[in-house]
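Asks: Sharing a structure with you now.
The values are calculated or read from the model by the stated rules, or taken from the named source; none is laboratory data. The structure displayed is predicted, hence computed values, not measured ones. Here Cβ is always computed from backbone atoms with ideal geometry, including for glycine, and neighbour counts include all displayed protein chains.
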Amino acid sequence: MKVLFVCSGNVSRSPSAEVLFKHCEGFEVRSAGTSANSPNPISEDLVMWADVIFAMEEEHRIAIAERFPRVGAKISVLGIEDVYRRDDPRLVMLLKRKLASFFNYKLR
């Protein structure tokens, strides 16, 4: 399954999620940002590649759905605010908790 994580700048939250889950068997994982200035801006290729898209906040879901209307059904919102730095242990634990059942990920 192909999973795309999306936040605003593709600096902290979505890259943290990508690194955390990229070694889960059976999944291909990438990340992107809704900002045109992000290191990896969201694109039609990325949203069409993904089987599921995890948006960090509702504003990201809206931005993706407005820009790419056909993908709305495959977007889920995690509800993770922009208050964490990349690989912050609190962010990592939150991502593990929110996505444990999806990835069958064992909390460590």
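Asks: Considering only residues that are among the acidic types (Asp, Glu) and at pLDDT 95 or above, look in the stretch 67-106 and name the one that is nearest to Phe27 (Cα to Cα). Give the derivation first.
Replies: We begin by selecting, within the stretch 67-106, every residue among the acidic types (Asp, Glu); these are 81-82, 87-88.
Checking which are at pLDDT 95 or above leaves us with 81-82, 88.
Details: Glu81: 25, Asp82: 25, Asp88: 23 Å.
This residue is Asp88.
Asks: Could you tell me whether Ile62 is among the hydrophobic types (A, V, I, L, M, F, W, C), on the phi < 0 side of the Ramachandran plot and touching a strand residue (DSSP E or B) at 6+ places or on another chain (Cβ under 8 Å)?
Replies: The answer is no for Ile62.
Asks: Could I ask something else about it? Hey, Cys24 hits all of (1) hydrophobic (A, V, I, L, M, F, W, C); (2) modelled with pLDDT of 95 or more; (3) not in a helix (DSSP H, G or I) but one; which does it fall short on?
Replies: Among (1) hydrophobic (A, V, I, L, M, F, W, C); (2) modelled with pLDDT of 95 or more; (3) not in a helix (DSSP H, G or I), Cys24 violates only (2).
Asks: Now a separate question. Among the candidates Asp87, Asp51, which residue alone is touching a strand residue (DSSP E or B) at 6+ places or on another chain (Cβ under 8 Å) and exposed (fewer than 14 other Cβ atoms within 10 Å of the Cβ)? Walk me through it before giving the result.
Replies: Working: Asp87 fails: touching a strand residue (DSSP E or B) at 6+ places or on another chain (Cβ under 8 Å).
It is Asp51.
Asks: Out of all the residues in the stretch 60-72, which are outside any loop (DSSP other than H, G, I, E, B) and free of Cβ contacts under 8 Å to residues at least 40 places away in the same chain? Break it down into steps so the answer makes sense when it comes.
Replies: As a first pass, look at the stretch 60-72 and keep what is outside any loop (DSSP other than H, G, I, E, B): 60-67, 69-72.
Within the stretch 60-72, Arg61, Ile62, Ala63, Ala65, Glu66, Arg67, Pro69, Arg70, Val71, Gly72 qualify.
Asks: Considering the stretch 33-79 alone, what residues qualify as being in contact with a helix residue (DSSP H, G or I) (Cβ under 7 Å, 6 or more places away or on another chain), farther than 15 Å from Val3 by Cβ and not polar (S, T, N, Q)?
Replies: Gly33, Ala65, Phe68, Gly72
Asks: Read through the list (1) at pLDDT below 95; (2) out of contact with any Lys or Arg (no Cβ under 9 Å at 6 or more places or on another chain), then give the number of the only condition that Asn10 fails.
Replies: Result: Asn10 fails condition (1) only.
Asks: Right, something else. Among (1) in a strand (DSSP E or B); (2) over 11 Å from the mean Cα position of the chain (by Cα), which single condition is Arg30 missing?
Replies: (2)
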